[in-house]
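First comes the structure, then the notes that go with it.
The values are calculated or read from the model by the stated rules, or taken from the named source; none is laboratory data. This one's a predicted model, so the numbers in the text were calculated from it and none came from an experiment. Methodologically, a virtual Cβ is constructed for each residue, glycine included, from the backbone with ideal geometry; neighbour enumeration extends over all protein chains shown.
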Amino acid sequence: MSTTVLSLAGQLSNEEVVARVKLLAQREREATATLIAHLAVLDERQLYLAEGCASMFTYCVQVLHLSEYAAYSRIEAARAARRYPIILDLIGDGSVNLTTVGLLVPDLTPENHADLLESAKHKSKRQVQELVAQMRPQPSVASSIRRLPSPRLAAENPGHSDLSAPTLELSPAVEAAVPARRPVIAPLAPQQYKVQFTANAETHAKLLRAQELLRSQIPDGDVGEIIDRALTALLNDLTKRKFAATDRPRESDADRQRSSRGTIPRSRHIPAEVKRTVWTRDGGQCGFVAHDGRRCTERAFLEFHHVVPYSAGGEASAENIQLRCGSGPSNGLAAQPP
């Protein structure tokens, strides 16, 4: 079957593939909502018991062959939908997904569920987490650093931290906290985030040195303040180098030489002034706009792009230059100014 389906899909035109994918995604959402509705009834009647399963979770994993995460998210959505049936409609039309429902379930009440679900429509996971953080703000996380266990110790004692390792406090007023190995960015409260990452020895040394040098300005050595200052300086430098974005533009040596010779027609070079204009106009975001009016949201891997190709006579002017991401189409597809 898989070969046949793939073969048939391969015979479709680009427009047909896009249309078919959208249709199939909608059918999948509708099927998910229908499945959740039936799971809600099955769960309420405890029909899983007659199937030889002691719990709804066991039934979903062993009989329906769902993954543990898929089973949990669908059971959670099914139980929430029994209380608030509107959830099924929102899942069916794509307004919310199972991840959104899972994040909101602890805060849904008969009084607020309609407004809360409305606020979460078409939101990303991070945006929904921020919405939850507004309702349930958590205390700030203490600034600290702790050496992670060696790979050997971690393998011998999975799930346990190296409690014998020395704890290096970055703030004398707080206790050390155990960092996660994978980067973590999670909203705690409005305008506050918990950030965790694993640093190597060199980064650790730089952080401690910055803490020492900034003691007069940041007496408690708050890591959050130090990182904020470092990122501000880094972003200013990166945008200035890559996109010539600066509040005090200064003509480069190359631009000064070109100015002395006059404007060079058909030059591939993009002047710094044009880069600054384009960067400001496009808002540091990919400027490609699809046929349906949706603008690309990428802010990474941005490059200056000739809308009318240089080879076709396109000038390096602000009107003909856009910011484009690395994955943006460059095959002649129509683009509109943002």
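All conditions but one from (1) over 26 Å from GLU15 (Cβ atoms); (2) modelled with pLDDT under 70; (3) surrounded by fewer than 12 Cβ atoms within 10 Å (Cβ to Cβ) apply to LEU231; the one that does not is (2). Pairing each residue of the stretch 262-276 that is of a type in the set (A, V, I, L, M, F, W, C) and at pLDDT 75 or above with any residue that is in a helix (DSSP H, G or I) and surrounded by 10 or more Cβ atoms within 10 Å (Cβ to Cβ), provided the two are 6+ apart or on different chains, yields C-beta distances under 7 Å for ALA272/ASP255.
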